[in-house]
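Shown next, in structure tokens, is the structure this report addresses.
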Amino acid sequence: MKKRILSGMQPTNRLHLGNYLGALKNWVKMQDEDYECLYCVVDLHAITMPYEADGLARSTREIAAAYIAAGVDPKRSIIFPQSAVNTHAQFNWLLSTMTQVGKLDRMTQFKDKGGANREKVGLGLYAYPVLMAADILTYKATHVPVGDDQKQHLELAREIARTFNHRYKTEFFPEPLTVITEQGTRVMSLTDGTAKMSKSDPSDNSRINLTDDADTIAKKIRKAKSDPNPFPTSAAEMEGRPEVQNLITIYSALSGEKPQAIMDRFGGGQFSPFKEALAEVTVAGMTPIATRFRELLADTTEIDKILKDGADKANAIAQPILKDAMELMGFWHA
């Protein structure tokens, strides 16, 4: 069976350097490996929390544009909106009938997002992991790149696949595996090295947005928090200095240079020369993405065509899988 990747991002707010280094950069590399790649904009997941309806379609185009600007090639990968493939929602219902409530009760993301008023939160947020399982199993995806916050959901998808196969005495669904991606790409806030870089952080200086121009990127890097001590010369000297470790991680991820080589070059000195070099590396890596992003959104005709073509290709894969699954479940069919 051909290895098939399925992954996606929500159309909420702007993507940033952390999204690029933590996910998009690896998505691009997977196109050169032995995978069939499907990358969706998970707009059905986006409506599980309060959102602005008049901005959803625009945000969907923006996320798709960010995929392409970062290097995801529509000729080699399928890019589509989740909501344009009805089998996601259909499989969500089918799989919900074999998902135990007790397992959903243990999902930590629901507890985190629901907060203290979980009884008032919509069913969609509670059942979010089932829809994620549906996203994956709709295509019989064999591999899924996920961050730490989604590992629990992927394990539930594996359990649901096992339940289906056991209940209907079949090996219909493969159990999706986690894709092992490059280490060291967990990007933290530029203002707090103990917090992940986030699009929801109220301070725009905490992140490098994929839309930032060269001057803005350079200014943010120069203002990034470090500490008063000299630049480290070894991993031991970097211990307990989260902001410093974060800046070195960013430099390494963008340049391909090993952290120790960076410390050999700048170690023992002040941070200003390193920050200037980091600003240059970040501008060189991110400016072409921002430029292509703006080009795509200046006229959305190309984006809309890519999303439509991607949805058609995704439907062509998903519909036969849904049909076979419903036959196994005993539904009437012509």
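The values are calculated or read from the model by the stated rules, or taken from the named source; none is laboratory data. Remember, it's a predicted structure, so these values are computed and weren't measured experimentally. Methodologically, a virtual Cβ is constructed for each residue, glycine included, from the backbone with ideal geometry; neighbour enumeration extends over all protein chains shown.
Scanning region 160-171 for residues that are part of a helix (DSSP H, G or I) and either among the β-branched types (Val, Ile, Thr) or loosely packed, with under 15 Cβ neighbours inside 10 Å (or both) gives Ile160, Arg162, Thr163, His166, Arg167.
Looking across Ala279, Ala224, Ala314, Ala218, one residue alone is in contact with a helix residue (DSSP H, G or I) (Cβ under 8 Å, 6 or more places away or on another chain), modelled with pLDDT of 95 or more and under 30 Å from Val42 (Cβ atoms). It is Ala314. The single residue among Gly55, Gly71, Gly22, Gly18 that is of a type outside the set (Ser, Thr, Tyr) and on the phi > 0 side of the Ramachandran plot turns out to be Gly71.
Of all residues in region 208-235, how many are of a type in the set (Lys, Arg) and part of a loop (DSSP other than H, G, I, E, B)?
Selection size over region 208-235: 1.
Does any residue of region 306-314 turn out to be exposed (fewer than 13 other Cβ atoms within 10 Å of the Cβ), over 22 Å from Gly18 (Cα atoms) and either aliphatic (A, V, I, L, M) or not assigned by TED's automatic domain parsing to the domain that holds His88 (or both)? The answer is no; no qualifying residue exists. The criterion of at least 3 residues that are within 19 Å of Ile136 (Cα to Cα) is met by the following helices (runs of 4 or more DSSP H) wholly inside region 17-97: 25-30, 43-46, 87-96.
Of all the listed residues (Gln260, Gln245), the sole one being surrounded by fewer than 17 Cβ atoms within 10 Å (Cβ to Cβ), in a helix (DSSP H, G or I) and either of a type in the set (S, T, N, Q) or modelled with pLDDT under 95 (or both) is Gln260. Flag not set for Asn205, criterion: outside any helix (DSSP H, G or I) and surrounded by fewer than 18 Cβ atoms within 10 Å (Cβ to Cβ). Within region 114-159, the set of residues being part of a loop (DSSP other than H, G, I, E, B) and surrounded by 17 or more Cβ atoms within 10 Å (Cβ to Cβ) comprises Ala127, Thr138, Tyr139, Lys140, Ala141, Thr142, Pro145, Val146.
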